[in-house]
Structures are given as structure tokens and as C-alpha cells.
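Heads up: the structure comes next, in C-alpha cells.
Just so you know, all these numbers are worked out from the coordinates, no wet-lab data involved. Everything numeric here is computed off the predicted structure, so don't read it as measured data. Here the Cβ positions follow ideal geometry from the backbone for every residue, glycine too, while neighbour counts run over all protein chains shown.
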Amino acid sequence: MATTQTAMSDGNLPAEPNSFVGRERDLAELARLLGDVRALTLCGPGGIGKTRLALRLACEIVPDFPDGAWLVELADTEDPSLVARRAAATLGVREEPDRPLAETLTVALRPRRLLLVLDTCEHVVDACAALVKQLLAGCPGLRVIATSREPLRVRGETVWRVPPLELPAVPGELTPGELAGHEAIRLFADRAAAVRPGFALDTANAPAVARLCRTLDGIPLAIELAAGRVGALSVEQIAARLGDRFGLLASGDRTAPVRQQTLRAAVDWSYELLTGPEQVLLRRLAVFSGWNLEMAERVCADEAIPADQVLDLMAALIDKSLVTLDPELEGDARYRLLDTIKEYAAGRLNASGEGPEIRRRHRDYMLRLGEGIVDVAFLRGDPPWPVRVSLYRRILAERANCAAALVACLEYGDAEEGLRLCCALRNPWVAYGDVTEGIGWCDRFLDSGGGVSPGVRSRALMARAELAFEHQDYQVASGYAQAGLDLCRSSGSPGAAAALRVLSVVSLRAGRLEDALGSIDDAVKEARADGNDWEEGLALTVRAAIVARHGRLEEAQRTYEDALEVLRDNNGFGVAQALYGFGGLARARGDHAAALGHFREALALYREIDARPEIARCLAGIGWVALAQGDLRLAFASLGESLQLSLATGQRLGLARGLEASAMLAAASGDPARAVKLQGAALALREDVGQVPSAAAGSRLGRLMDAARGQLGESAADMLLAEGAAMSAHEAVRLATDPGAVARNAIPEQAASPLSSGAGLLTAREREIAALIARGLSNRGIADELVISPATAARHVANIFTKLGFSSRAQVAAWAVQREPKDGSRADD
């Protein structure tokens, strides 16, 4: 049996940046706790090591979770309404129209056994609590670790106060070797050796190290900051200066916990020891949610710190443990500030008076980056597709920075810049299921009034239309597309093609094929007039789909070829769209080998950019072709992965289509009862999203039910259909992908094709009799229906068995049920 891929497997825990020191007893106790409780919150002040401890714990216990351990970082999530969206994006779950995202997430995780780590919850604690409460109630295999400065206060939560690192009780009486057995001392020695190779505890420095660690109350961040100074100061000097700094801040907020005062003192001290240019760079870096060198040079450099000094200054900040080196992105080193340091630096930036200027520079950089990537990604010619993929991944990695830039646009009333950034982010929002977020930002800026040029507003209206279409709000999509089109034409701005394309697809979804064709022909003309290869190619793929729906398959083939010619040097996603269209047409013609090749080519391109809904569609197409070729094992594997992807991303219509294909697979494998239940589940899902089956899908359903009623009896078949309709999506997917059910029905490695060229071997009369077998008629019933003798009917049935290689009437029935009209319908209809 081929292995079925799923959307969730290993998790996303990051590699540890350096050695993990101490906390052996803490880890053992926490692992034991998680065996008994479902929600564990690690509480403590900033810098106490909550995040590092949570990740280490997750790494140690992840083998107990077949679906992996997943880290959701919330430090840069300022809006509580985005908590569920951040978790869903991390887990690959896409939002659905008219359904709360937390509900979609719960449904997607319900069958999973995974560990969810919610990091830095305190600033969105209520939203985190609500999400955890819902997930725990609906997902029995889920365990949650949260890090927060305060408990979530949800039922079932166990709060574990993270203690400081263990310190010696009487350090003056211990030898260096004995001191090294204590966690705080070990951490200082380890980090100091990383800064100054060869550093080790000895009789001379051990007392000062012990005094320093005790002064810092064993707080890991403070100890690491102190250790970062051994490159410039002796331990004795560090301890002396740190002591003075604490004394200076002793008269601060007396109501604050002692550890918070201590950590503030440690960071203040570390900041004051920086050179002037280092201080300037550190506070300016607070505008980033992760960055690379070029970003720091562009945003932070000016007369105060020239661009050619940024690298050395940043290296100094890394050495002093104020900047953290993150994993590379596409070969480019990435950096970030620890949360506590970022908060501190942001305060210093605001106090300096240069905050608005630096935030505007950051906004302008993100705008240039986003628009530059969009321009390069959709131009004809260079760069090649692999480079475009890297650029696309870059903009995805900068989503938090883009969000900060949008906040700045809103804060400063820069509606035009905000709408330009929204247009640049349209594709990432759609691909990763952040459609609601995109709609919210577009609406804020579109509703903000004047100050926006007609060209920018028209593009933004069309972006808003596409977001509404992805949200399956077709009336709203049509309204925004028409508004964008009208503004383009009245102002002479380019870009009408995108609006016309949206209007065409809306008409297609509504069944108004002539309106769809008229709009898309206008879109092709507009795109050519604008010289927009990308938009022309997309419009041509839509046109091909429309004429295929008209049954004009040869014209559809030519139109897809035209689209491919336009898009081949332009964009792999567009090429994949055309290849998928080729696959559907080849399947409609019965050329299964060509269809399989096209679907597989498209699938490889979709996988490069992790376009999950399109991956699921391609897999479903492969599943249908495998059914037609009689390769039921390939069909089971492909449809299984498609269903799991659709389930994980909350795509109910994709689930319905996949379950319909799985029903055909069950019928082909001689399991009519399972086939009917799966079909019932598919119909319920279609009704849930308001999508009726296409003519081809409706015809398949009719034939399947006729065959099932003939084999099982009418009342039994109808009862099974109702049982399937009552199943949850998870139950239906489990039924469809159950290897035990497949084994019980003994799917062969290669079965006679249920949709294959065997049809051409049968005479017209034999095909007619095969259809009657599918209706459940006996040989005598066939004879009565066709007014022939029972002996003649029996002879025809025997010939059918021989020609198709079947041995039972059930196989003939399944073959007849799965024969499709060659009308050019989509592979996933």
C-alpha cells in the first residue's frame, strides 16, 4: 500500500541555537505532568526562560505525538483576533467563509494527536484562553503547552511557575568544581566560553561568577547578557558594574515583582555599556519582526550609523547576546531580538523621538520589497521559476513585518501606501488562507477617504474583489470588481483585465456561461492592450475552462495551449493552472496516460509553493485517472492524501469532491455499502457549502445509487445514504481512508479499468446490458427489459465479463457507474 501523505506530520520545532544548560529535574517533572494533564502553562517573568524550556520539553516528548509538535509564536501578534489565525496558518488550516476560524481549526485537529506550543501569550491572554478552551473541548488527542507571564485560567490548565536557575546556597565555601555543578554557574560559564574561547571557572574568577549569578537571581537572560561582556571586561568588573546598576534602580516600582526589577536592571545595564552607535542600532532594530542585513542597512542607517558600519555593529550586538541569529532563509542569514530586548529597545526608540521616522523607513522598505517581488514574480522572462519561488517564500517570511508596516500606514494616515501594500500581499493572503485578514486591511484603507490616486484605488478594488471571491462571497466580489472596472475606464488606469476576470468567474460559478465568456474575452483583450502577460495567461485559462463547459473541447485545448505559451516563461503557478486544465481535457477524452502526466507536472509546481488547495485538486485528478486505469491502489493513495489535505485546511467543497471520488473507488472495489455512505457524506458537505453537484457528478450519483439499490435493496441503500449524510467530515475521511476496509475488499494491485478503454471493446448492446446490470437486473430482468431470451442475455453477460476481465456482476456495476460523459467537466466536479 502506498504511503499517504498528510498535511501535518513532523511539526515545526526550531533547532536549538546553542546548548541547553540545566533544568534536568524541571524537564522530568514537566514530562510527567504532561502525561496526566492536557494544558500546561509555564509562567514567570520575562527572561526566566519560559520559551526555551517549553521548546526543550516539546523536543523531548514529541515522539509521543504521531502528528508532531507545533510552535505558534505570538510575540508579534498585537491584535487578539489574530491568535486563531496565527495558529491556523502554522498548522496549514485555511479559513472558510461563514465559519469561525477557531471552529474550522477544531474540526481539523479533532482526529490528531499532536502537541501545540503557544509561545508568549500574556499580551493576548484572553484570546489564547478562548482558543485553548475550544480546542481542548473538541480535540481529545491534543496537548497544549503555553508560555505566559500570567495563567490562561482555563479549565484543565496546570500552571507551572518556572523557577530561576539553581544557585549554590553558600558559594564562598565551594570549590570551582563544586560551583560548576549548579545550573546558573554552568550557564554563565558555557556562554562566556562561547564569547571568549578558553574561558573556564577557576579559583580566581569563581567567587565573582557566583556573586554575579546570585545578584541576577539566576534569571537566564540576565546571566547570558552578563556573560556576553566577558570579551571586554573581567568577571570582577562585570559583577561590580552590575551591582551598581541594581542599586541605581532599587527605588523603582516597588509593586513590581523583584525578578522584573532585576531583569530591567540587567537590560538597562547592558544597554548603557553599549557604544553610542550600538545603542542607536539596537533601538532602531525594534521595528523589525526578524530581518536580514540588507533590511537593517536600508532602514537603520543614516548619518548616525553609516550603512557600511551596520554589519560590525550588529555583530557586536550578537556577541553581547542582544541580537539572536536565526536559521537562514534561502541562503540569507536572519536575525531577531529576544522578546524582552525588543520591548526594551522599542521603549528606548520612542523615548529618543526618532520612532516615527524609523517606522516610516520600515514601512517604505516593506512596500518596496512587496511591490518589487510582485513585479518580478509576474514579469515575462527572467528570473527563472526557482528564483521566483525564493522571492515568493521571502514575502511569506516577512508577513509579520508587512503587518507592522500596515499598522504604520494606518497610524500615519497613509491610505495610498497601505492600499499599495495590500495589493502586493494579495497573493500571499490567498495562498495561505489569510483572506479575512486581507479583507480587513483593504476595507480599512478603502474606507479611509481621499488621498488615494485612481490607479491605486482601482487596483485595490480588484484585489478586494479577488479576496471576496476566495471567501466565496460572489455578490460582494462582483460589486468590487465592477467598481474597479468602472474606475479603470473612467480614469484611464490599466488593470481592467483583472476585474473582468473576476466578473467572468463569478458568472461561471452562477452558471451564466454566455456572460462568463463575454467577460473573459474582454479580459483577454484588456490584458493584451496593457501588455500584462500574467493577467492574459490567467484570463486564457479561465476562457479555456468556460469553453470546455460548453463542450468545445478542441477549442479549450487550443486556448490552454495559448495560455501556456504566454505563461511558460512567466510564472510556475500559471503554468500549473494550464497543465491542470490539460489534464482535465485529456481525462474527458479518455486519454488517461496524458491526463496523469499533466496532473503530475502541475502537482510538482504546486508543491514548490505549497499551494495546498491546488495540491488537493491535482491529487484528486490523479485519483480519478487511476480509477479509470484500474489502478485502485494508486487511486486510494492519491485520494487519501487529497482528503487529508482538504480536511486539514478546512476545504469542505474539496472534501465533498474527494469523497465522491472515494465513493467510486469503494464501488470499484466491490463495497457498495461504503460507497453509498461516502456519497451521502459528500452530498451533506455540498449542501453545507451551498454547492450542488455538476451535471457529471449528478449523473455519477444516479448511476451509483441505482447500482447500490440493485445490490443492497432500495431501503438499505437509502438508509446508508442517510447514515453517510449524518457523519462528520472526520468520520467520512476515516471511512474513505481506512486501510482495513480496503484490505477486507482485497483491492488488487491492478484491477480491470472501471472507466477504461474496455468501453470500446463492448458492442452497443453489451454497453446497454452493462447499464442494466448496474441497475441490479438479473439475466431474466434484462431479457424482459430488452425483449430477448434469457439465454441471449446470459451470453451477453458472459461476453462482458470476458472483455472487461471481470468475475462478478458487482464489478460490472461499478464499471458502469463510473463511466463519465465526455463533456470536458473539471476533474474534481
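Once phi is turned into θ = phi - 60°, what whole-Hz ³J(HN,Hα) does the Karplus curve with 6.51, -1.76 and 1.60 give for every residue of segment 653-670, x standing for Gly and Pro?
Karplus-based 3J(HN,Hα) across segment 653-670 equals 5, x, 4, 4, 5, x, 5, 5, 5, 5, 5, 5, 5, 4, 5, 5, 8, x Hz.
Show me, for segment 182-193, the HN-Hα J-couplings you get by feeding each phi into the Karplus relation (A = 6.51, B = -1.76, C = 1.60, θ = phi - 60°), rounded to Hz, glycine and proline as x.
Here the 3J(HN,Hα) series is 9, 4, 4, 5, 4, 5, 4, 4, 5, 6, 5, 5 Hz.
Once amide H atoms are built 1.01 Å from N in the peptide plane, which residues 5 or more positions from V323, or in another chain, come under 5 Å H to H?
Here the answer is I318, since their amide H atoms fall under 5 Å of that of V323.
Extension gain A529-R489, at 0.36 nm per residue separation less the Cα-Cα distance, in nm?
Length difference between fully extended and current span is 13.1 nm.
Please label the shape of segment 505-586 as rounded, prolate or oblate, based on the square roots a ≥ b ≥ c of the eigenvalues of the alpha-carbon gyration tensor (a/c under 1.5 means rounded; beyond that, a/b larger than b/c means prolate, else oblate).
oblate
Simple spin-label model, 7 Å along Cα-to-Cβ: R775 to E411 in nm?
Taking the two extended label points, one gets 7.3 nm.
For E555, project a label point 7 Å along Cα to C-beta. Then give me every residue of segment 485-528 with its amide nitrogen under 11 Å of that point.
The answer is 514, 517-518.
Name the residues whose placed amide hydrogens come within less than 5 Å of the amide hydrogen of G11, ignoring near sequence neighbours (fewer than 5 apart) on the same chain.
Residues meeting the criterion, in which the H sits 1.01 Å from N, are A69.
Return P(r) of segment 24-161 (all Cα-Cα pairs; 5 Å bins starting at 0; whole %; ordered from short to long distances).
2, 11, 22, 26, 22, 12, 5, 1, 0, 0
Which of the peptides 359-365, 303-309 is most tightly packed, and how do the rest follow, judged by the mean count of other Cβ atoms within 10 Å per residue?
Per-residue mean Cβ counts within 10 Å order the peptides as 359-365, 303-309.
What distance in nm separates the two pseudo spin-label positions at D688 and D447, each 7 Å out from Cα along the beta-carbon direction?
Taking the two extended label points, one gets 3.0 nm.
Name the residues whose placed amide hydrogens come within less than 5 Å of the amide hydrogen of L329, ignoring near sequence neighbours (fewer than 5 apart) on the same chain.
Excluding prolines and chain starts, which carry no amide H, the hits are R334.
Once you put a point 7 Å from the Cα of E303 and another 7 Å from the Cα of E16, both along the Cβ direction, what distance in nm separates them?
Modelled inter-label distance: 4.8 nm.
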